[in-house]
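Take a look at the structure set out below.
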Amino acid sequence: MKRRTMPPFIAWFAAVALLTIAPFGMSQAALSQTPAASSAPADSAAALVSRARGLFELSKYKDAIALLDRALALDPNQPRALVLRGDAKSSLGDDAGALLDYNQAIHLAPEYAYAYATRCDTRRSLDDLAAALTDCNRAIELDSELGVAYRFRGDVYYGLSDYPASIQNYTHAIALTGDDVSAYTSRCRSYRALKAVTLALADCNAAVKLDRDYGRGHFWLGVIAVDQARWTDAVSSLNTTLHLDPETTGAFYYRALALHKLDKNELALQDANAYIKLSPTDGDGLRLRGEIFSASHNSTAAAADYKQAIALYQQQGYAAAASEVRTLLTQLQAKP
């Protein structure tokens, strides 16, 4: 499950009726005079959306969606309510449903910058990187100080393997927001891809300093520790990651690898099994489990995993990876 985080100004809108019913193009002075949702009848669209916002911030996404459904049934012409519902759907992994809501919000409010930014992020999740980039560019064109749009555009460039461009966008997001932990961890990831380890560590440490409970910061610290063969440090960071966010799939893989390197193969096997259950089509997980089985003298299970990993790599076009595992299989079969 992914957590969609709103920029501060969107949270401010939740306190006013503009979130649901005010026309676009209103001035800031007009906004300040808009009645608060709390003064509206409890069953009004404004009150329902305000309550949904509170539920969203508590990560009660299904409950938030139920209230937003009711609010939109009362008044379907609410772009900000549609975006909030889209964000709740996205947080539940329903990117297709979120995309429909963002499309409708943009149809109603063609100059709503944040709607383009969130649609950018959702299209990236759906691997439509070209359309995602167009949306983020449009968001920034409409609001050049919308930090989250730069972060999302950085994510698109990361998906395109343009790491310098991703870093440039994350840096801009950080300059605008200052405390966007996601921008710091994302820039850490990009620096790691460029093997700029010192800069990567600085960013992940900055994220953890800003929010000790942000699992992704600890995750990337663990991954970098694996890169540097600091196996004990890796296990410690990944333990924290999974304590804070048990749905961080990659943490099981990297912790399994670190435990395997520490010769703690029973524990490593548990993590490898968990990772394969969550990512059954990833050949890396099967390869790693095969190596763990091999180290545990279970040649039959190791061979089975190696063969399945080779098949997946071949299906996915990873010829070099398939060749490497073929070598491991040959070495295994040559053992007396």
Between LEU74 and ALA96, what FRET efficiency comes out of the Förster formula 1/(1 + (r/R0)^6) with R0 = 35 Å and r the beta carbon distance, rounded to 0.05? 0.90
Quick one: if the Förster radius is 35 Å, what FRET efficiency do HIS107 and LEU58 give, using the C-beta to C-beta distance and rounding to 0.05? 0.75
Of the DSSP H helices in the chain, those whose Cα atoms cover at least 15 Å axially and whose Kyte score averages 0.0 or more: 45-57, 61-74, 95-108, 129-142, 163-177, 197-210, 215-227, 231-244, 249-261, 319-334
Backbone N within the range 113-128 under 14 Å of label point (7 Å from THR249 Cα along the Cβ vector): 125-127
Need the full-extension length gain, LYS277 to ASP127, defined as separation in residues times 0.36 nm minus the C-alpha distance. One decimal, nm. 51.7 nm
So for the pair ALA202, THR232, with labels modelled 7 Å out along Cα→Cβ, what separation do we get in nm? 2.8
When the C-alpha atoms of the range 70-136 are aligned to their principal axes, what extent does each axis show, in angstrom, from largest down? 35, 26, 13
Per the Kirkwood formula on distinct C-alpha pairs, the Rh of the chain is how many angstrom? 21.9
Sort 320-327, 238-245, 281-288, 137-144 by packing, meaning the average of other beta carbons within 10 Å per residue, with the highest value first. 281-288, 238-245, 137-144, 320-327
Report the label-to-label distance for ALA319 and ASN137 in nanometres (one decimal), using points 7 Å from each Cα along the Cα→Cβ vector. 3.4
With no solvent and one equal point scatterer per Cα, compute the Debye intensity ratio I(q)/I(0) for the range 280-336 at 0.14, 0.17, 0.19, 0.26 Å⁻¹ and report its log10, rounded to two decimals. -0.30, -0.44, -0.55, -0.96
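None of the figures in this text is laboratory data; all of them are computed from the coordinates on show. Small disclaimer: the values here were computed from a predicted structure and weren't measured. Cβ: placed from backbone, ideal geometry, glycine included. Neighbour counts: every protein chain shown.
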